[in-house]
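Bear in mind that the values in this text are calculations on the coordinates, not laboratory data. Computed from a predicted structure; not experimentally measured. Here Cβ is always computed from backbone atoms with ideal geometry, including for glycine, and neighbour counts include all displayed protein chains.
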Amino acid sequence: MCGIVGYIGNQDTKEILLRGLEKLEYRGYDSAGIAVLDRQGVHLFKEKGRIACLREIVDPQTCGEVGIGHTRWATHGVPNRVNAHPHQSASGRFTLVHNGVIENYEQLKTGLLASHDFKSDTDTEVIVQLVEKFAGESETVEEGFRKTLKELKGSYAIALLDKEDPDVIYVAKNKSPLLVGVGEHFNVVASDAMAMLQVTDQFVELMDKEIVVLTRNSITIKDLEGREIQRGTFTPEIDASDIEKGTYPHYMLKEIDEQPFVIRNIVQKYQDLDGKLSLDESIRKEMLSCDRVYIIACGTSYHAGLVGKQYMEKWAKVPVEVHIASEFSYNMPLLSEKPLFIFISQSGETADSRAVLVEIKKLGHKAITLTNVPGSTLSREADHTLHLYAGPEIAVASTKAYTAQLAVLAILAVDTAYAKGIELDFDPIKELSIVANAMEILCDAKEEMEDIAATYLPADKRNAFFLGRNMDYYVCLEGALKLKEISYIQAEGFPGGELKHGPIALIEDGTPIIALATQEKVNLNIRGNVKEVVARGANPCIISMKGLQQPRDRFIIPAVHPDFTALVSVIPLQLISYYAALQRGCDVDKPRNLAKSVTVE
Ligand code: AGP
């Protein structure tokens, strides 16, 4: 979480920093700040709230050819101006922004920095005080910076300014993402490429425990011992226009609408020259040689994993376990003899998932990462990457990445089934194309979804339940997560048959129930479960699939292959959540307390 940006060059530094921070706001948005250095000194601006609030207090006259900025998701200390970054050393010589968590900051405060006074409650402030201490004891600031980094335990992406040297930014990275952007007579650094596309499309990747000395005309990468490292540039596969909202009021709505395109794109990317769905041989080999797949993920990606398990077990006959990463880390189950790990992560940066990856690599196991960001930490550290090809997902609530995950998991299962000589009784390309067409119809049903949100989830409703069975249950979990994260309505997904074992006690007059009925084999069962809650006063909204509908169903989705329903039935739930949040005046793209990329455990 948190986003950092730094710029050195002769353009409008403060504007580049602010625009960069706007692109990084998805990483955290409870407070923000920038520092611009000129020959007179450091001009520091910090504010609680969004980048828009920061913009209001930045002096438009500020100019300087070097600066750093930060948007925060609080871990240590409440969101306020004092805890906002950049932080400064006691003398004011050094100014620093940091993303990550310094695990030993308390020890450093009471040990090496025992004689220092701290202004903020952050772990970050120890870094800048240490830099000042060690720079004073070293021949060069760079040496002092390297000594500082050696004292830190935890994760960091850092950009540091020295008031006495306006021609350099010191940069360092360990476990938190950071990239350098390369320009003509300028250079830039940021937590991700999107913040830098405004000025460059050439980047240099940084590895953990590296530092960079950045000037206008040079990028010097070194390890913590000061040995220089050579590395070339790369151009990522993103277009600046992908990260604009265009005419949409919110990224979430744009991303919901992009889903049919994403599915068609995925099918195209994973087709071989004969037009057959096919994966890289090395990935196929892993799938064929394992005796069990362990899917590790969090949040929406975990929900995708639950559906992926069905595909792999049903089509490819591979046993699969799906685990929540943060639970797996500290409670590892007994593993099979030849396990294969699949990490599902839109961002590829989720710390909980990475903690598991680190552990299982120590045990010598193989890992595949399914991610929307190739080159991300989980992608780099796994043995193989499966790209989601969903395009940048900016809204905190994941939508198109979820359906992309389902499609890629389906293709992985299909490829494995083909490789095992298993005949499937459907044509996956045809079925995915039917899915994309159905998605289009659903994306056009916005008015109906807005009406459902207004009818079933009016402002006085504080809770809602999602009921489904089998595949529908997994989609209900995702629908409930979507609703709670952006509208703050307490929403829970339950298997229809489980209600009577406890949750039914929560049903009162008017309790909103959203039930999915897309699975023929349990269609009558789920309808029976709905009757049970209606008998206790609930207000049911049944979303069924064509062919399975009954007279009072509220909305009927177009028919798709029964195994692929999750890809389409989730769209009404995404749209209902969107409109429920909108009708409550919530900030749809940046819900409270959340961040897009969860880089702390
Ligand atoms: C989804 O809407 C959430 N914002 C969240 O649950 C997310 O899916 C989770 O944090 C995992 O992120 P990842 O896919 O980037 O690993």
Starting from region 373-446, pick out the trypsin sites (Lys or Arg not before Pro) whose DSSP state is loop and whose Cβ has at most 16 other Cβ atoms within 10 Å. 420
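Where does region 246-444 land on Rg/Rh, using Cα atoms and the Kirkwood Rh? Walk me through the numbers on the way to the answer.
Values: Rg = 16.3 Å, Rh = 17.0 Å.
Taking Rg over the Kirkwood Rh, I get 0.96.
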Taking Cα centroids, how far is region 480-496 from region 341-385 in Å? 27 Å
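When only DSSP loop residues count, what GluC sites (Glu not before Pro) in region 329-375 have their Cβ near at most 11 other Cβ atoms within 10 Å?
Numbers: sites: 337, 349, 359; in loops: 337, 349.
Qualifying residues, ordered by number: 337.
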Starting from the 7 Å offset along Cα-to-Cβ, what nm value, one decimal, do you get for the label separation of residue 248 and residue 292? 4.0 nm
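Determine, from the Cβ-Cβ distance of residue 337 and residue 601 and an R0 of 35 Å, the FRET efficiency 1/(1 + (r/R0)^6), rounded to the nearest 0.05.
Details: r = 29 Å, r/R0 = 0.83.
The formula returns an efficiency of 0.75 here.
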Take 406, 548 and order them by how many other Cβ atoms sit within 10 Å, fewest up front. 548, 406
Contact order normalised by length for region 445-588, with contacts defined as Cα pairs under 8 Å and 6 or more residues apart; what percent is it? 31 percent
Fewest to most Cβ atoms within 10 Å: 531, 254, 209, 23 sort as 531, 209, 254, 23
When the charge dipole of region 329-450 is computed with +1 at the Cβ of Lys and Arg and -1 at the Cβ of Asp and Glu, the Cα pointing farthest to the positive end, of 426, 377, 399, is that of 377
Sketch the reach of a paramagnetic label on residue 592 as a point 7 Å from Cα along Cα-to-Cβ, and name the residues of region 1-18 whose backbone nitrogen lies under 20 Å away. 2
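Between residue 103 and residue 561, 0.36 nm times their residue separation minus their Cα-Cα distance comes to what?
Values: separation 458, 0.36 × 458 = 164.88 nm, distance 4.92 nm.
The residue 103-residue 561 span can extend by a further 160.0 nm.
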Computed log₁₀ I(q)/I(0) - Debye formula, equal Cα scatterers, no solvent, region 446-529, q 0.21 Å⁻¹: -1.02
Considering lysine pairs in region 237-320 that are 8 or more places apart or on different chains, how many have Cα atoms under 23 Å apart? 12
Fewest first, what order do 542, 514 take by the number of other Cβ atoms within 10 Å? 542, 514
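May I ask you to compute the full-extension gain from residue 202 to residue 165, defined as 0.36 nm times their residue separation minus their alpha-carbon distance, rounded to one decimal in nm? Write out the running numbers ahead of the final one.
Values: separation 37, 0.36 × 37 = 13.32 nm, distance 2.60 nm.
Residue separation times 0.36 nm, minus the Cα-Cα distance, leaves 10.7 nm.
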Classify region 3-236: rounded, prolate or oblate, from the alpha-carbon gyration tensor (a ≥ b ≥ c, eigenvalue square roots; a/c under 1.5 rounded; otherwise prolate if a/b is larger than b/c)? rounded
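Roughly speaking, what is the stretch gain from residue 53 to residue 424, that is 0.36 nm per residue apart minus the C-alpha to C-alpha distance, in nm to one decimal? Show your work: numbers first, answer last.
Working: separation 371, 0.36 × 371 = 133.56 nm, distance 5.57 nm.
Net length gain for the segment: 128.0 nm.
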Tally the DSSP beta bridges in region 246-444 and give the antiparallel ones as a percent, rounded to 5. 5 percent
Could you give each residue of region 485-493 its phi-based ³J(HN,Hα) in whole Hz, using Karplus coefficients 6.51, -1.76, 1.60 with θ = phi - 60°, and x for Gly or Pro? 6, 9, 10, 6, 7, 6, 10, 10, x
Below 8 Å, C-alpha to C-alpha, sequence gap of six or more: please give me the relative contact order for region 3-236 in percent. 20 percent
Relative contact order for the chain, counting Cα pairs under 8 Å that sit 6 or more residues apart, in percent: 12 percent
Just to verify a number: FRET efficiency for residue 583 and residue 509, C-beta to C-beta distance, R0 = 25 Å, to 0.05? 0.70
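Have a look at the DSSP beta bridges in the chain and tell me what percent are antiparallel, nearest 5.
That works out to approximately 60 percent antiparallel.
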Tell me the Rg and the Dmax, in Å, that the Cα atoms of the chain produce. 25.3, 81
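Which trypsin sites (Lys or Arg not before Pro) in region 261-341 pass both tests, a DSSP loop state and at most 13 other beta-carbon atoms within 10 Å?
Numbers: sites: 264, 269, 276, 284, 285, 292, 309, 314, 317; in loops: 276, 317.
Answer by residue number: 276, 317.
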